[in-house]
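Laboratory data are not the source of any read-out in this text; all were calculated from the coordinates shown. Just so we're clear, the structure is a prediction, and the values are computed from it rather than from any experiment. Note: ideal-geometry Cβ built from the backbone for every residue, glycine included; neighbour counts use all protein chains shown.
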Amino acid sequence: MKTIVKTIGLAAFALAFVGTAQAQVNVTGKWQGQFDSQIGVQTYTYDFKADGTNLTGRAFGIRDNGTNDVAITDGKINQDEITFVEPLSFDGNDVRIEYTGKVSGDEIKMHRKVGDFAEEDLVAKRVKDGDAQPAAATDTNSPPAKP
């Protein structure tokens with residue numbers, strides 16, 4: 001009888017613990033956002049890959065004076081919060097752009113700190129199949145498509 005009571009008590013404790021643990025969000029996939037900065041409006045596509053608490057991927061940005069496509073580093077996921085770094089070379093200088101974000105459904109509210117120069121907030125939205133518009137599709141010098 002004591003064994004049955006212990007087993008039931010242990011099972012109840014395990015279920016209670018599992019019920020209180022928060023699930024980690026799924027950020028794998030593409031996310032797009034836009035923000036105004038000291039160098040003008042920037043449009044970003046983030047392609048995240050989550051592996052447990054590790055976050056990897058790429059950041060592709062478009063701004064008036066060019067584009068960048070870099071692998072993100074130091075990426076971490078902690079329940080619904082993410083952090084990562086976008087290492088960027090700008091005008092011959094290496095700049096560390098640090099991101100913190102909170103995921104809520106198909107939206108990530110992010111704060112980015114650009115070295116000691118600037119800080120911006122942005123909202124990135126999950127790109128769903130069929131919604132994808134490549135960030136590089138801003139070339140207006142292409143001839144019109146033929147019918």
Can you tell me the equivalent ellipsoid semi-axes for the range 29-126? Use √(5λ) from the Cα gyration tensor, largest first, whole Å.
21, 14, 12
Which percent, to the nearest 5, of DSSP beta bridges fully inside the range 29-126 are antiparallel?
100 percent
Nearest-0.05 FRET efficiency for F90 and K49, computed from C-beta distance (R0 25 Å)
0.50
